[in-house]
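Worksheet: the structure to be examined is printed underneath.
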Amino acid sequence: MRAGLQEAAARRAGWMVAQLREYVEHETPTGDAEALNGFADRLLTRYAELGGTARREPAATGDHVVANFPGRGPRADEPPVLFLGHHDTVWPIGQLDGPMPWREQDGVLRGPGVFDMKGGLVVLETALALVGELSLDHRPVRVVVTADEEVGSPSARDLVSAESAGVVAALGFESPHPNGDLKTARRGSSRVRIEATGREAHAALDPGSGASAIDELVDQLIAVRSLVTQYDDVLCNVGTITGGGRTNVVPGFAAAELGFRFVDPDTERAVLDAVTQLQPLRAKAKLQISVLSNRPAWQPSAAGAELLAAVAAASRSLGQEIGGAVAAGAADTNLTGWLGVPTLDGLGPLGKGAHARHEQVVAASLPHRAALTAAIITTL
């Protein structure tokens with residue numbers, strides 16, 4: 001049976017490349033509801049073709065997709081396994097026709113979203129096709145593909161939580177570690193917005209009656225930096241700063257968005273509590289601090305180790321070797337891991353360059369990962 005999986009996956013290698021190109025050429029930036037919903041239509045059609053019952057979960061910034069595939073044989077009534085993916089990318093419309101055209105050269109595929117994470121979506125659907133083609137017995141499969149993962153899944157968090165209820169395990173199709181190993185835990189990730197409101201005034205004639213929102217914001221960012229240094233292994237990145245207008249006007253508004261990464265929930269809570277309770281340093285200034293999205297830290301667990309051992313056994317049956325390690329980046333698997341569901345991530349193809357112009361996948365890894373996923377479906 002294992003040899004049959006390998007051979008069947010190899011026969012689909014060319015189709016997988018073609019399918020990935022189609023997916024990459026349908027650009028889907030986060031927040032572009034029209035583009036994302038068009039891609040959701042593709043997924044709904046494809047999952048129905050594979051025997052699933054698929055539905056959309058509406059969201060203002062782009063619909064999510066949920067699909068359920070029945071089990072087969074004596075395992076048909078067992079609890080389902082949950083597969084997680086996303087169809088939004090960090091790249092704007094037009095990236096494909098500009099600095100990141102689709103390219104296939106020397107066994108490497110390049111294009112916006114090819115690695116993060118449309119390659120993983122192709123791996124997933126190919127694995128489902130393989131299991132059906134070979135009529136293999138397996139437990140039910142549930143698939144959730146979110147539309148705003150790249151900004152922390154603010155509209156999908158409740159959906160992922162609900163769909164993870166009662167599943168035996170959750171596996172994500174994000175990119176693996178560089179050597180192909182899976183991800184066994186992830187840092188917590190939160191996005192915070194700090195808005196400072198001051199008072200506008202002429203910068204030369206009447207500066208004393210004003211209050212600079214930019215100065216207030218800068219001082220608050222310095223305070224955040226000082227706060228972060230009090231904790232071990234916390235990452236903080238100021239991603240955007242906006243504000244002001246003219247050099248002869250004391251600015252009345254400024255804002256910044258920050259990204260935080262945490263190893264453990266206690267530190268996460270302490271830092272976020274401190275940041276959200278910051279107070280203005282100027283009498284005429286006001287602050288508004290919002291947590292835009294939050295993914296709790298997913299820590300290693302005994303259940304996760306057991307799941308990794310089962311996946312490693314499935315990989316050995318295919319002549320593959322796979323391990324696992326903690327990852328720095330966050331994803332929807334943070335939530336399932338935090339909820340206590342045995343979780344792994346990184347079943348997408350090998351490659352590099354997530355969120356970078358050299359984003360790429362190794363074409364030969366597509367069928368290998370599809371065979372591995374099919375083996376997991378039939379043995380887990």
May I ask you to list the residues in segment 352-368 that are surrounded by fewer than 24 Cβ atoms within 10 Å (Cβ to Cβ) and touching a residue at least 12 places away in the same chain (Cβ under 8 Å)? K352, G353, A354, H355, R357, H358, Q360, V362, A363, A364, S365, H368
Out of S290, S315, I need the residue that is among the hydroxyl-bearing types (S, T, Y) and more than 21 Å from F83 (Cβ to Cβ). Which one? S290
Which residues, counting only those in segment 67-94, are within 20 Å of the chain's Cα centre (by Cα) and over 17 Å from R139 (Cβ atoms)? G85, H86, H87, D88, T89, V90, W91, P92, I93
If a residue must be out of contact with any helix residue (DSSP H, G or I) (no Cβ under 6 Å at 6 or more places or on another chain), surrounded by 14 or more Cβ atoms within 10 Å (Cβ to Cβ), of a type in the set (A, V, I, L, M, F, W, C) and farther than 19 Å from R193 by Cβ, how many such residues does segment 280-302 contain? 0
I'd like the residue in segment 357-380 that is touching a helix residue (DSSP H, G or I) at 6+ places or on another chain (Cβ under 9 Å) and assigned to a loop (DSSP other than H, G, I, E, B) and, out of all such residues, is farthest from D88 (Cα to Cα). L380
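Where a number appears in this text, it was derived from the coordinates with a stated rule and is not lab data. Quick caveat: nothing in here was measured; it's all calculated off a predicted structure. Don't worry about glycine lacking a Cβ; one is built from the backbone with ideal geometry, like all the others, and counts go over all protein chains shown.
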